[in-house]
Amino acid sequence: MDISFKQVSYIYQPNSPFEHQALKEIDFSIKSGTFVAIVGHTGSGKSTLIQHLNGLIRPTKGEINIGDFTLKANEKTANIKDLRRQVGVVFQYPEHQLFEETIEKDIGFGPKNFGVSDEEIKQRIPQVLEAVNLSPELLSRSPFDLSGGQMRRVAIAGVLAMEPRVLVLDEPTAGLDPKGQQEIMDMFKELHTRKQLTTILVTHSMEDALKYADYVIILDHGQKYMEGTPAEVFVQKEALQRVQLDMPEIIQFIQSFEQRFGLTLRYKGQSIEGLAQEINQLLKEEVRADG
Amino acid sequence: MANSLIIGQYVPTDSLVHRLDPRTKIIIIFLFVIFIFFANNALSYGWLALFAVASALATKIKLKFIARGLTPVWFLIIFTFILHLFVTREGPVLFEIIGLPIYSGAIIQGFAISLRFFLLILVTSLMTLTTTPIEITDAIESLLHPLKKIKFPVHELALMMSISLRFIPTLMQETEKISKAQASRGVDFKTGPIKDRIHAVVPLLVPLFVSAFKRAEELAMAMEARGYQGGEGRTKLRELTIAKLDWIAFLSFSCVLIGLFLLRQ
């Protein structure tokens, strides 16, 4: 689904001493099927922004279009449940939302609320379990018997079982071990491609944004600070430093390599292995030229 | 939900009321709550109302904010008024509403009780608006100190209070977070028949209890790890002191009380 924000502002607790403007005239649009990373420092408005995507909060000003749905200030969206079925949100620490007696019931909870039949749910469960890499033997156990990492996977499975068209991920890997982080992110990327989802990832990790996203939006103090493809955005060292963000390591490396050896290496989305080969090639050429 | 209710919320400003010793505030409010029952005519009620409004102004918090925060309580006040209107049977009958006689005494009584109710809530919420929870518990610990002689666990009680006060906002946040997560999974808290809405509370309460118990355990562990062992021999970072400002407050409140006794019949 195409998503567009037009001049969206959001104010918490308006007209009180605690009034706080979390979003200021945000404007952007996302084409269906894009993997977008939203990056920003703590308090930049990332979490507020994503809560608009399934109508948990409505903009104080401005308009949001998500597919055929429209969210506006002071205007109730009638088919909000339909919107929530199509936009799945994985919140920070989603394991806190588990409550059912068994893992099977918890995964089926979302789809059931949206009126999916029991047979259909039975079919979906093995698929999502496989996606999050959990063994089907666990299904009859209580979610509270699991380790933190496994609980996270169950909670994610619960969102995937809704079969959303848009997947919103709010730091889905926070607090996981490095291996688990990579597994989960790879799983989301694979799912994104296979099911042609529109994915919105909120993250602190520039590495993840660079590795997985097609498009990056940087927020600062509730305003859109920069946007573009990772290759465009992440090479602007000074601009990033102004909002206390770092360049991803691989780009940092390329820039210091270029400075040190006076050679040109462009970042074009290559992996570390690809980069190594490129440098190897470059060095050989240099040696040949010198010889 | 969390946005509208101000009871128990602290609003920092640089007013004199904020700078009063919390014990002063507790004692004055305690006395006010008692002496409001001595008011028995329009003048004495007006006098106390004047005091309450003046104190509210002195906090430098916007009156509009205080009034709006009390909206859930307005309902209770209006309900009390209506109840008195129909139940009290004093003085001559003034008129009838749907066949029920309304006595003149009922209107006066209704006004008096609602005003009393309003003033009580206003003044006590001024206390929490201008005093941090920590100050309140410190004050209570200090005021209840004499009870130690009869082996009453004053420090433990104060600690329990400050812990529970400390975790109210945390629990509120948690509630909001979980209800948003469940709403995203299709739970509808706001519409539908009552039966379904009661059902919708289960996915909210279970995770809330789970995390509350977990948090309690973690807190106990953290306290133990830092060698917490109760009130015996424990020193304070900030000692409470009664300053000149507090004596001025006591003095002015005494004037209010003297005024009250002169004005009442």
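Nearest 100 Å² is fine: what is the total accessible surface buried where chains A and B meet, probe 1.4 Å?
Buried area (both sides, nearest 100 Å²): 2100 Å².
Report, in degrees rounded to the nearest 10, the 0 to 90 angle that the Cα long axis of helix A:118-131 makes with the longest principal axis of chain A.
Approximately 20 degrees, to the nearest 10.
Order these peptides, B:133-144, B:26-37, A:157-168, by their mean beta-carbon neighbour count within 10 angstrom, highest first.
Result, highest mean Cβ count within 10 Å first: A:157-168, B:133-144, B:26-37.
Let me check I've understood the local charge: for B:His18, count other residues with C-beta under 14 angstrom from its C-beta, Lys and Arg +1, Asp and Glu -1. What total comes out?
That works out to -1.
Whose amide H sits under 5 Å from the amide H of A:Ala73, counting only residues 5 or more places off or on another chain, with H placed in the peptide plane?
Those lying under 5 Å, H to H, from A:Ala73 are A:Gly62.
Any idea what the alpha-carbon Rg over 2.2 N^0.38 Å comes to for segment B:29-102?
That works out to 1.45 for segment B:29-102.
Can you tell me the FRET efficiency between B:Glu239 and B:Met161 if r is taken as the Cβ-Cβ distance and R0 is 25 Å, rounded to the nearest 0.05?
About 0.85, to the nearest 0.05.
Rounded to the nearest whole Å², what accessible area per residue is found for the protein assembly as shown with the 1.4 Å probe?
Ligands and nucleic acids excluded, the result is 55 Å² per residue.
For B:199-210, what's the mean count of beta carbons from other chains sitting within 10 Å of each residue's beta carbon?
3
So what's the net charge close to A:Met206: Lys and Arg +1, Asp and Glu -1, counting the other residues with Cβ under 10 Å from its Cβ?
-3
Quick one: if you take sqrt(5λ) for each eigenvalue of the C-alpha gyration tensor of chain B, what semi-axes come out, biggest first, whole angstrom?
Calculated on Cα positions only, the semi-axes equal 37, 32, 16 Å.
Hey, what D do you get for the protein assembly as shown in µm²/s if you plug the Kirkwood alpha-carbon radius into Stokes-Einstein at 10 °C and 1.306 mPa s?
56
Quick one: helix A:249-261 against the long Cα principal axis of chain A, what's the angle to the nearest 10°, folded into 0 to 90?
10
Taking K and R as +1 and D and E as -1, what net charge do the other residues with C-beta under 15 Å from the C-beta of B:Gly230 add up to?
Taking every other residue near B:Gly230 into account, the sum is +1.
How big is the charge dipole of segment B:147-225 about its Cα centre, in debye rounded to the nearest 20, if each Lys and Arg gets +1 on its Cβ and each Asp and Glu gets -1 on its Cβ?
For this selection, approximately 220 debye.
Based on the inverse mean of 1/r over its pairs of different Cα atoms, what is the Kirkwood hydrodynamic radius of segment B:147-225, in Å?
Result for segment B:147-225 stands at 15.1 Å.
Go from 0 up to the bin containing the longest alpha carbon distance in chain A, width 10 Å each, and give me the % of pairs per bin.
Per 10 Å bin, starting at 0, the Cα pair percentages come out as 6, 25, 30, 23, 11, 4, 1, 0.
What's the magnitude of the charge dipole for the protein assembly as shown around its Cα centre, counting Lys and Arg as +1 and Asp and Glu as -1 at the beta-carbon? Answer in Debye, nearest 20.
2020
What is the ratio of the Cα radius of gyration of segment A:1-154 to 2.2 N^0.38 Å, with N the residue count, to two decimals?
1.22
Report the Cα centroid-to-centroid distance between segment B:244-265 and segment A:240-279 in angstrom, as an integer.
Going from one Cα centre to the other spans 74 Å.
Considering chain B as a Gaussian network with a 10 Å cut-off on Cα pairs, which listed residue, B:Leu100, B:Leu119, B:Leu16, attains the greatest mean-square fluctuation?
Comparing B:Leu100, B:Leu119, B:Leu16 in the GNM, the peak value goes to B:Leu100.
The values are calculated or read from the model by the stated rules, or taken from the named source; none is laboratory data. Note that the structure is a prediction, hence the values are computed from the model and not measured. With ideal geometry, Cβ positions are generated from the backbone for all residues, glycine too; neighbour counts draw on all protein chains shown. Accessible surface is based on the protein model in full, side chains and every heavy atom, while ligands, DNA and RNA are left aside. Shrake-Rupley method; radii C 1.70, N 1.55, O 1.52, S 1.80 Å.
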